[in-house]
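The values are calculated or read from the model by the stated rules, or taken from the named source; none is laboratory data. Being a predicted model, the structure only gives us computed values, none of them experimental. A quick note on method: Cβ atoms are made from the backbone with ideal geometry, for glycine too, and the neighbour counts reach across all protein chains shown. Surface accessibility is based on the protein's heavy atoms, side chains included, excluding ligands, DNA and RNA. Shrake-Rupley method; radii C 1.70, N 1.55, O 1.52, S 1.80 Å.
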Amino acid sequence: VYLEATEPLAGVAGSNDVVIRPRHAEAAGAELYVSIHANASGQPGGSRANGLSSYRYSCQRYNDHSAAAAAVDCDDPPGSAALTEAVHREILARIRGDYDPGYRDVGTRVANFGELRELDDAPGVLVETGFFDNLADPVGDARQPDNRALHDPNWREAVALGVVTGVARYLDPGAPALPARPAGLAALNQPDGTLALTWAPVEGATGYRVFIASQGRAFDDGVPTPGPRYVTAGLTPGRIYSFRVAATNRTGQGFASQAVAARFR
């Protein structure tokens, strides 16, 4: 959980690009640390290396890239092992469910990475989501190259949802996944002079949040509503409004729907 600082924090001055991030998180009092990376094999001209891997600190007792299961006496900071397993498991499940059933699982690992080594209290995980120098389909293998996946909005959305679900289930093993993006949003002027929004109910949603933009400007912070219908108030006749809606549950807020626009009569 990253906390933005409004003032420089003690202990981060002079830090390089790698270590300033965990040091800042520690100084800000973060409860946990998740670092999202893309990987590289370093092979000239690209590689066929592919797949998802997630790391925790090696305690400098195990070789870099050793399997996490072997590091049974290393969980520093405490909770890093459980956080790594939860985040890795949920990202992999989401990618395989929403994008590519054959996406490779490299597994959970340990390493003496600067971002992980600098953590003192906050459990941490560093996720290598895929290989950006994986440029061509392996011969005889129908899997999408990782480089293509890294640029695909559907893959990126799957990774984001996996991270959120993994963190939520680390904190609360019974936490539900975020609800899906609502579909079927419609905005209709009503005979009573209001404008009503309706959309299809989302499975697992305990509420919704409606976002409104006026005259092509940015959406507002949203208004909570319990069910799949919202009647607007205070709109200006003749003005065009745009609307989006997101589903919520106790884990948080899912992605917002596609936007629709309507001129208020």
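Assorted remarks:
- Heavy-atom accessible area order for Glu31, Glu203, largest first, 1.4 Å probe: Glu203, Glu31
- Rg/Rh (Cα only; Kirkwood hydrodynamic radius) as it applies to the chain: 1.06
- For segment 48-133, the per residue solvent-accessible surface stands at 41 Å², with DNA, RNA and ligands left out and a 1.4 Å probe.
- Considering only the chain, percent of DSSP beta bridges that pair antiparallel, nearest 5: 70 percent
- Convex hull volume per residue in cubic angstrom - Cα atoms of segment 44-153: 117 Å³
- Calculated [θ] (222 nm, deg cm²/dmol) that DSSP helices of n ≥ 4 give over the chain, each run adding -39,500 (n - 2.57): -6500 deg cm²/dmol
- Length released on extending from Ala69 to Asp221, taking residue separation times 0.36 nm less the Cα-Cα span: 50.4 nm
- Value of Rg/Rh across segment 167-265 [Cα atoms, Kirkwood radius]: 1.04
- At full extension, Ala261 and Ala233 could sit 8.5 nm farther apart than now, given 0.36 nm per residue minus the alpha carbon distance.
- Net charge dipole size for the chain [Lys, Arg +1 and Asp, Glu -1 on Cβ; Debye, nearest 20]: 1180 debye
- At least 15 Å along the helix axis (C-alpha) and Kyte average at least -1.0, DSSP helices within the chain: 80-98, 153-171
- Here the extension length gained between Ala200 and Ile36 equals 55.7 nm, from 0.36 nm per residue of separation less the Cα-Cα distance.
- Surface composition of the chain: carbon and sulfur atoms hold 51% of the protein heavy-atom accessible area at a 1.4 Å probe.
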